[in-house]
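Q: Just dropping this structure here.
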Ligand SMILES: [Zn+2]
């Protein structure tokens with residue numbers, strides 16, 4: 001298997017990335033099926049990157065890879081396809097629950113942005129359905145979150161869930177938690193910038209109480225939003241927490257704030273307490289899901 005990582009902003013099109021990939025191979029590129037998971041909405045045969053400058057369509061996928069069969073998926077749809085292929089050691093349990101075999105499931109993934117997908121039960125199968133739920137409104141539950149909503153609205157003109165639950169969201173929580181105060185740990189003194197990893201390491205290391213507040217706000221809001229998602233689609237078969245951030249903040253997710261917020265939805269608390277909640281530890285779940293989808297395309301051909 002050949003796996004390469006390319007920095008999207010450094011390329012002007014998907015074709016350029018495929019060309020760069022092909023040049024790095026020690027053999028000719030021969031492709032039966034191309035499946036792309038794109039971080040943005042797929043409309044018809046075209047997808048545009050939400051946090052990027054270009055898009056891709058099915059014709060371009062076929063042309064640049066030479067594949068006869070192509071599929072464009074939303075990136076969260078791709079992660080959702082991985083769920084059935086993940087093994088127990090690639091998952092970590094936040095809540096055991098009971099797991100309703102006839103129920104739907106859902107995936108929520110915080111990384112560069114916030115993605116959400118539903119796995120819709122059709123007979124014995126779970127069929128992924130994309131969403132742009134990460135751009136829905138952030139719902140404050142506490143006076144502190146109301147202050148956060150006001151802060152985000154001042155900065156961005158509105159407060160979406162992704163403004164809180166993403167890498168950039170962690171940085172916004174950092175600025176909100178520190179207010180006028182300086183952070184002794186996470187800020188880079190030379191240019192005043194801070195990265196999501198700086199915030200989480202300062203918080204997990206116990207080095208700064210304000211960074212700890214930022215991470216506590218993040219984990220609680222992630223639990224609350226996972227619960228919202230579960231309610232909206234009756235994800236009684238399970239909720240999977242994916243994305244790059246969750247595996248890095250596992251101790252915080254397991255400290256209890258996540259599950260407490262997940263189930264604090266009276267009168268539906270008992271329903272949510274029975275939902276299995278698992279963190280996807282496998283770092284290439286989107287790639288795995290695209291492979292699952294591509295394999296299925298080959299089998300029907
Ligand atoms: Zn700090």
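Q: Within the stretch 178-201, can one find any residue that is closer than 30 Å to residue 105 by Cα, surrounded by fewer than 21 Cβ atoms within 10 Å (Cβ to Cβ) and in contact with a helix residue (DSSP H, G or I) (Cβ under 7 Å, 6 or more places away or on another chain)? Before you say what the answer is, go through the steps one by one.
A: Of the residues in the stretch 178-201, the ones closer than 30 Å to residue 105 by Cα are 196-197, 200.
Keeping just the survivors that are surrounded by fewer than 21 Cβ atoms within 10 Å (Cβ to Cβ) gives 197.
Now narrow it down to the ones that are in contact with a helix residue (DSSP H, G or I) (Cβ under 7 Å, 6 or more places away or on another chain): none.
Scanning the stretch 178-201 turns up no residue that is closer than 30 Å to residue 105 by Cα, surrounded by fewer than 21 Cβ atoms within 10 Å (Cβ to Cβ) and in contact with a helix residue (DSSP H, G or I) (Cβ under 7 Å, 6 or more places away or on another chain).
Q: Of (1) in a helix (DSSP H, G or I); (2) away from the ligand (no atom under 16 Å from the Cβ); (3) buried (at least 22 other Cβ atoms within 10 Å of the Cβ), residue 165 satisfies all except one. Which?
A: Of everything listed in (1) in a helix (DSSP H, G or I); (2) away from the ligand (no atom under 16 Å from the Cβ); (3) buried (at least 22 other Cβ atoms within 10 Å of the Cβ), residue 165 misses just condition (1).
Q: From the list 222, 250, 170, 229, which residue is within 13 Å of the ligand (Cβ to nearest atom), part of a helix (DSSP H, G or I) and under 30 Å from residue 81 (Cβ atoms)?
A: Matching residue, one of 222, 250, 170, 229: 170.
Q: Let me confirm something: among 207, 197, which residue is within 16 Å of the ligand (Cβ to nearest atom), touching a residue at least 12 places away in the same chain (Cβ under 8 Å), on the phi < 0 side of the Ramachandran plot and part of a loop (DSSP other than H, G, I, E, B)?
A: 207
Q: Now a separate question. Going through the stretch 277-300 one residue at a time, which ones are surrounded by fewer than 15 Cβ atoms within 10 Å (Cβ to Cβ) and more than 13 Å from the chain's Cα centre (by Cα)?
A: 295, 296, 298, 299, 300
Q: Condition first: within 12 Å of the ligand (Cβ to nearest atom) and in a loop (DSSP other than H, G, I, E, B). Now tell me which residues in the stretch 173-187 satisfy that.
A: 179, 181, 182, 183, 184, 185, 186, 187
Q: What residue, of 36, 2, 30, is crowded, with 16+ Cβ neighbours inside 10 Å, within 21 Å of residue 297 (Cβ to Cβ) and in contact (Cβ under 8 Å) with a residue 12 or more places away in the chain?
A: Answer to the selection: 36.
Q: Another question, if that's okay. Residue 239 versus (1) in a helix (DSSP H, G or I); (2) more than 16 Å from the ligand (Cβ to nearest atom); (3) within 19 Å of residue 116 (Cβ to Cβ); (4) under 19 Å from the mean Cα position of the chain (by Cα): which is the lone unmet condition?
A: Among (1) in a helix (DSSP H, G or I); (2) more than 16 Å from the ligand (Cβ to nearest atom); (3) within 19 Å of residue 116 (Cβ to Cβ); (4) under 19 Å from the mean Cα position of the chain (by Cα), residue 239 violates only (1).
Residues checked against (1) over 15 Å from the mean Cα position of the chain (by Cα); (2) farther than 25 Å from residue 277 by Cβ:
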position	(1), (2)
168	no, no
171	yes, yes
176	yes, yes
183	yes, yes
212	yes, no
229	no, no
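Q: What pairs can you find where one residue is in the stretch 176-189 and under 18 Å from residue 149 (Cβ atoms), the other is away from the ligand (no atom under 12 Å from the Cβ) and not in a loop (DSSP other than H, G, I, E, B), and their Cβ atoms are less than 6 Å apart, with a gap of 6+ or different chains?
A: Between residues of the stretch 176-189 that are under 18 Å from residue 149 (Cβ atoms) and residues that are away from the ligand (no atom under 12 Å from the Cβ) and not in a loop (DSSP other than H, G, I, E, B), the close pairs are 176/148; 176/151.
Q: Show me the strands (runs of 3 or more DSSP E) entirely contained within the stretch 42-101 in which 1 or more residues are within 30 Å of residue 276 (Cα to Cα).
A: The strands (runs of 3 or more DSSP E) meeting that bar are 69-74, 91-95.
Q: May I pose another question? Residues in the stretch 137-159: is at least one within 15 Å of the chain's Cα centre (by Cα) and at pLDDT 95 or above? Steps first, answer last, please.
A: Pass one, the stretch 137-159, residues within 15 Å of the chain's Cα centre (by Cα): none.
No, the stretch 137-159 has no match at all.
Q: Working carefully through the options 110, 117, 136, find the one that is without any contact (Cβ under 8 Å) to a residue 40 or more places away in the chain and touching a helix residue (DSSP H, G or I) at 6+ places or on another chain (Cβ under 8 Å).
A: Of the residues listed, the single one that is without any contact (Cβ under 8 Å) to a residue 40 or more places away in the chain and touching a helix residue (DSSP H, G or I) at 6+ places or on another chain (Cβ under 8 Å) is 136.
The values are calculated or read from the model by the stated rules, or taken from the named source; none is laboratory data. Note that this is a predicted model, so its numbers are computed, not measured. Here the Cβ is made from the backbone with ideal geometry for all residues, glycine too, and neighbour counts use every protein chain on show.
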